[in-house]
Structure formats: C-alpha cells, structure tokens
1. Classify the chain: rounded, prolate or oblate, from the alpha-carbon gyration tensor (a ≥ b ≥ c, eigenvalue square roots; a/c under 1.5 rounded; otherwise prolate if a/b is larger than b/c)?
2. Let's see if you can work this out: charge +1 on each Lys and Arg Cβ, -1 on each Asp and Glu Cβ, no other charges. What is the dipole magnitude of the chain about its Cα centre, in debye to the nearest 20?
3. Mind checking the per residue accessible area of the chain for me, 1.4 Å probe, whole number of Å²?
4. Just want to confirm a number: the relative contact order over the range 36-99, from Cα pairs under 8 angstrom separated by 6+ residues, in percent.
5. Work out the length of the dipole vector of the range 82-174 about its Cα centre, built from +1 on the beta-carbon of each Lys and Arg and -1 on the beta-carbon of each Asp and Glu, and round it to the nearest 20 debye.
6. Out of Ala72, Phe39, Ala56, whose Cα points farthest toward the positive end of the dipole of the chain (charges: +1 Lys, Arg; -1 Asp, Glu; placed on Cβ)?
7. Tilt of helix 118-129 relative to the longest C-alpha principal axis of the chain, in degrees (0 to 90, nearest 10)?
8. Okay, which of the range 133-174 sit inside 16 Å, backbone N to the point 7 Å along the Cα-Cβ direction of Lys117?
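The values are calculated or read from the model by the stated rules, or taken from the named source; none is laboratory data. All of these numbers come straight from a predicted model, not from anything done at the bench. Cβ placement follows ideal geometry from the backbone for every residue including glycine, while neighbour counts extend to all protein chains displayed. Side chains included, ligands, DNA and RNA excluded: accessible areas come from the protein's heavy atoms. Shrake-Rupley method; radii C 1.70, N 1.55, O 1.52, S 1.80 Å.
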Amino acid sequence: KNRRQGKRIYKENGEFKTAAHRADTQRNWIVETPEVNSFDDMARVLDFIATKLPNAYPLRGQLNDAGRERQARNQLVNRRYKAKDGAPAPHLCDAPSSYVMLDIDDIECPSKYDLEKYDDQRAALNWLLTLLPECFQGASCWYQWSGSFRYKDPNKLKVHLWFWLDQPIKTNPL
C-alpha cells in the first residue's frame, strides 16, 4: 500500500504551514532488510530509498520473533519497540547497529551563507559538521536535507546526517 511518512508542507495566504499525512498515525509497514556492511553499502541503500522509494525509510533495530513471523507471512509489522496499553505487541527490538542518523533541526545558519545557493548550502553543511562532537569530526557522512528545510525559517539548517560507526551500538546508549 502507498503509505507516506512525514509532513505535507503547503503555502496558505503567503505563509508556509505543515500538516501530518493521515498515514503518519499508521505504524504498520512492510519490512525489508538489505545487506549493509559498510559506509558505502549504507550510502547505496539510502540513495536508493531517497530516489526510488519515497514512501520508505530506514529504522534502527531489528524484527523480534513476532515481527519475523509476520514478515514470513507477508503481513505488515509495526515499528514500535515498546509495549503500549491497548496496542498490539511491538514487532521491533533494540539491537546493535553500525549506523546512526543525527536529525539536526533549527540550527541558525551564519548570515554569510545564502541557503538559496547550492554552493552555500554545501558550505553551511560543512560548517555544521564542525559543530558535532569530536567522534564525528573527519568521518564520512551521508546527508539529506529535511523536508521542511528552508520553509518556515529559510535561515535554519534542518538535515539528516548518517554516519557509519566503528562498532555496532544499540539505540538506548545513544
């Protein structure tokens, strides 16, 4: 089924507004688990999702037993880790993963960068990377501007940064 995630951004009376897609409340998805063993593998998968599968997105963790059973029967699985009163049992569990995505929102961009210009976007991204903790300095990074980048506030940086870790780690310690 054609399920979307994220927000719909639109302009009303000269002002940008956002609205959640109705499917945002939908937590049931088809799960595919591609082989990802390196930064290059991760980048290939993310490029494929970004260009060919606009209704898909990656998750950290892995399917638990109930999730694997549903997947084997070609049934939808939910994307929750924690039990919730009145909701079906979660189909995911926290598991070590070698990648991490940092969701950077609303970082004020220095005025020397004009975010309307591609070269300045790249320069602003490089500036932003210098603000990250030392463990990310000099590391390879795959990025994607957030859907709301340059809408509500055209001077704020909003980007997803993906890094490959030197060792797998669960989500909780992050």
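1. Oblate is the answer for the chain, as a/c is 1.5 or above yet b/c matches or exceeds a/b.
2. The calculation lands at about 960 debye.
3. I get 68 Å² per residue for the chain.
4. Relative contact order of the range 36-99: 31 percent.
5. 180
6. The residue sitting farthest along the positive end of the dipole is Ala72.
7. 70
8. Backbone N within reach: 155.
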